[in-house]
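First up is the structure itself, then whatever we jot down about it.
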């Protein structure tokens, strides 16, 4: 048997209020509203009419006038009687807000004076925790007008980081701010990062990847920068010194020139995988451990070892040092 569709409860309540109010309007001389008679005439349960009368009274649409009983009140009159006190309270609150704002801002000169000489912000400000770093990035992105340079090593970005960053970056790009992003090659194998890159490139961002590790930093309008702090992965340093910022921009440009474009429509995975394997062997032949190489290239130790095994097999090498030697010979012969 087909179930009957149910009318939403809010619709039933609204209809009851409208009908009861209309019924009250039909008593222009202020006859006392008989709830049971009203329920019978309108075809509503008595309890619903009781509730409607109570709510209409609270709304100011029914009013108990001495000697006349409940009578219907014009909506304009109800608005004045019910919202008048609320509007007065809002005006009072606004006055309190402005007074509090003025009082708090009176402490601003002391705060600014503590940040640097002559009230100027300090050239380098240390931010200790991740929440404050994210707040700083949001504020710097919101005030940025022309360009953001991003260097994010470490492979694919975590899902929680992308969830926090994506809406902010989309909005920044829609405002016309140019954005360049550097990742490591290993970020290409991250499904979440790949999806993020697809979205930001559609909005005009440029994304490239490198094999080796680089410093984590962001530059805003070539005037301010956030750089990673040693020993505290959750913290950052906000840099305003123009000389330091200019150095970071130059370093970024050099990295950008040697990076490979991250084109989501193209399948460049084989070439990138080969570049990673070659980078792994080169680093291993310098004496780094598997763990150190994996950390430097932003991948797991297991993936690092798998790449090494595949490259050694393709070169018929019996050791990692031999693989490095054979790889160098191969590249030399290709360049001649």
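Table for the structure above
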{"item": "Residue that is at pLDDT below 80 and assigned to a loop (DSSP other than H, G, I, E, B), where the choices are 264, 281", "result": "264"}
{"item": "Out of 196, 170, sole residue that is under 18 Å from the mean Cα position of the chain (by Cα), touching a residue at least 24 places away in the same chain (Cβ under 8 Å) and surrounded by fewer than 17 Cβ atoms within 10 Å (Cβ to Cβ)", "result": "170"}
{"item": "Among the candidates 236, 225, residue that is in contact (Cβ under 8 Å) with a residue 40 or more places away in the chain and not in a loop (DSSP other than H, G, I, E, B)", "result": "236"}
{"item": "Residue match in the range 122-130 (condition: over 30 Å from residue 297 (Cβ atoms), modelled with pLDDT under 80 and out of contact with any strand residue (DSSP E or B) (no Cβ under 8 Å at 6 or more places or on another chain))", "result": "yes"}
{"item": "Test for residue 301: is it within 19 Å of residue 190 (Cα to Cα) and surrounded by fewer than 20 Cβ atoms within 10 Å (Cβ to Cβ)", "result": "yes"}
{"item": "Selection count where residues are loosely packed, with under 10 Cβ neighbours inside 10 Å and either at pLDDT below 80 or not in a helix (DSSP H, G or I) (or both), scope the range 77-100", "result": "0"}
{"item": "Hey, residue 316 modelled with pLDDT of 80 or more and not assigned by TED's automatic domain parsing to the domain that holds residue 210 or not", "result": "yes"}
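The values are calculated or read from the model by the stated rules, or taken from the named source; none is laboratory data. What you see is a predicted model; the values in this text were computed from it and never measured. With ideal geometry, Cβ positions are generated from the backbone for all residues, glycine too; neighbour counts draw on all protein chains shown.
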